[in-house]
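Only the coordinates and a few stated rules stand behind these numbers; no lab work does. Just so it is clear, the structure is predicted and the values come from calculations on it, not from any experiment. Here the Cβ positions follow ideal geometry from the backbone for every residue, glycine too, while neighbour counts run over all protein chains shown.
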Amino acid sequence: MRYVSTRDTKKNKTYVTPSEAICRGLAPDGGLYVPETIPTLDEENFRHISALDYVGRAAYVLSMFLDDFSEEELLTLCREAYSEENFPDGAEVTTTIKDGVFVLELWHGPTCAFKDMALQLMPRLFSAALKKIGETKTAHILVATSGDTGKAALEGYRGVPGVKITVFYPENGVSDIQKLQMTTQAGENVDVVAVRGGNFDDAQSGVKRIFADSAINRRLADAGVFLSSANSINWGRLAPQIVYYISAYCTLCGRGVIKYGDTLNVTVPTGNFGNILACFIAKKMGLPIGSLICASNQNHVLTDFLATGKYSKNREFYLTMSPSMDILISSNLERLLYFIAGADETCGYMSQLAGTGEYTVSSETYGAIRRDFVGYFANESVTAETIRQFYHEYGFLSDPHTAVALHAAQSFIGERGVEVPMLVCGTASPFKFAADVYSSITGCEKPDSISALGMLSELTGREIPMPLQRTLSAKVRFERSVCPDEMESIFSL
Ligand SMILES: *Cc1c(COP(=O)(O)O)cnc(C)c1O
């Protein structure tokens, strides 16, 4: 299978192999790599997949996208990534909330956020891909994080030979626990830097600026180093996320909740548009998904885009209790635009976005997007109310990101009725955001975030996940900070 950049408007396009796409991250023209065609699954494939465990399902689906890896090889890598040690409760945990509403809990991995589903596998794919393309230089992975990616990437790349990783996080844009998870990270090949006074978009723009800086890239090349990314702009991040939608569908079929061919709606709490795009790709592969419900927080740039066809990042930026969705530039939307409208249109929109901060899609493109997607958002008080409601009504303890999605799912069901079952992505452990969850449920003032862990555990009778317990007693190793416009300075040290 060949990969192409979303911005390649040439008549004779430049194609790369799956391994090259994974090693490079971003395409040289600034676009994102996408598969030339999306492979399809028929009913027989689904029956075959249903009989496998998660590791088998992952290797099967990934082999369709990463055809320069053998299925044997993928099986080995997936077995390591989705091991019982990493995912003691299982990699795909689908729970029933009430009749017809299910939560796909994707946060039972080593950092308690759904990013582990991709970031436990991606470093292994990356390392194998480097060998395949004969790359001998050291890879320096740069990550901009709104909280969860950073920790998951650090944990995934820790100790991977031939790789260094630097994570940038907005100093005041992540939760205290997220910050502590990152600044206490173990490993010799890891570095963590706070971005002062900036938000996630500043950190992400800074990383993109470094990638595009030919002087830095030349200097690094001379030193035997090349840059790559672990953000969801990397195809190696996205591909593993397609798997769990297919797997959850098979699981629900296995439980007799749906039969093969039945439509399932899916709600995804969305920031960078990676997770929901993976679901779109699963749908394109033939998974019987109906509506894709895009859930946003107070930063509802996507809700507005889906309601009007106009994307505008020129708006106030809010820090919310769901920081991993505090994003105004949803990078993976570019891939959706490409799949729907092609490279020429996508290129035009992206240059308008870079120039004026906004673009309006053609009515044809808008119509096509609306056939699959619908958007809702929850502001802070609605999010808090949803956490409280689901805890009291269903005994379901939700983190703020998942609550944003539960609210969207509930709104959608309220408007359209309940005939089609709904799968809601649960993306973080409630304990990762314990202070907000505690105060949402009790109505009490927000406790300090470290004591909140114990208080939430006591209130609900649930245990603090092991990885978070370990973080609490770990030593802080990284305290450096830079301004948004001097992120390059990490290379002059
Ligand atoms: C990253 C993240 C999201 C958003 O996912 P995208 O792929 O960026 O849309 C939602 N919830 C949590 C907890 C996350 O860490």
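Give me Glu188, Glu92 sorted ascending by neighbouring Cβ count inside 10 Å, so fewest comes first.
Glu188, Glu92
Figure the gain on full extension for Ala51 and His392 (residue separation times 0.36 nm, minus the Cα-Cα span) and round it to one decimal in nm.
So the extension gain works out to 119.1 nm.
For a distance above 20 Å, tell me the whole-number percent of Cα pairs in the stretch 16-140 that qualify.
Details: 4155 of 7750 pairs.
Here the long-distance tail beyond 20 Å is 54 percent of all Cα pairs in the stretch 16-140.
Under a cut-off of 30 Å between alpha-carbon atoms, report the lysines in cross-link reach of Lys179, not counting same-chain residues fewer than 8 places apart.
Hits, sequence-local ones excluded: Lys115, Lys151, Lys164, Lys208, Lys313, Lys432, Lys446, Lys475.
Give me Rg/Rg_expected for the stretch 410-456, where Rg uses Cα atoms only and Rg_expected = 2.2 N^0.38 Å with N residues.
So the stretch 410-456 has a normalised radius of gyration of 1.60.
Can you give the FRET efficiency to the nearest 0.05 for Arg196 and Ser83, using r as the Cβ-Cβ distance and R₀ = 45 Å?
Step by step, r from the Cβ atoms, then E = 0.75.
So which lysines can Lys259 reach, going by Cα to Cα under 17 Å and dropping same-chain residues fewer than 8 places off?
Leaving aside lysines fewer than 8 places away in the same chain, those within reach of Lys259 are Lys283.
Working out 0.36 nm times the residue gap between Thr14 and Arg158, then minus their Cα-Cα distance, what length gain in nm do you get to one decimal?
Once the chain is fully extended between Thr14 and Arg158, it gains 48.6 nm.
Tell me which aspartates and glutamates have Cα within less than 18 Å of Lys284's Cα, excluding those fewer than 8 residues away on the same chain?
Glu36, Asp42, Glu43, Glu44, Asp262, Glu334, Asp372
In µm²/s, what is D for the chain at 25 °C and 0.890 mPa s, where D = kT/(6 pi eta Rh) by Stokes-Einstein and Rh is the Kirkwood radius from Cα pairs?
109
Would you mind checking which residues have amide H under 5 Å from Ile289's amide H? H placed 1.01 Å from N; only 5 or more apart, or other chain.
Those lying under 5 Å, H to H, from Ile289 are Leu264.
Return the Cα extents of the stretch 448-493 along principal axes one, two and three, sorted largest first, each rounded to a whole Å.
Sorted from largest, the Cα extents of the stretch 448-493 read 49, 18, 13 Å.
Please report, for the Cα atoms of the stretch 390-475, the Rg to one decimal and the Dmax as a whole number; what are they, in angstrom?
14.8, 51
Rounded to the nearest 0.05, what FRET efficiency do Arg480 and Thr40 give with R0 = 56 Å and r taken as the Cβ-Cβ distance? Could you check? Intermediate values should be presented prior to the final figure.
Details: r = 48 Å, r/R0 = 0.85.
The pair Arg480/Thr40 has a calculated efficiency of 0.70.
Considering only DSSP beta bridges with both partners in the chain, what is the antiparallel share in %, to the nearest 5?
Working: 14 of 51 bridges.
In the chain, DSSP labels about 25 percent of beta bridges as antiparallel.
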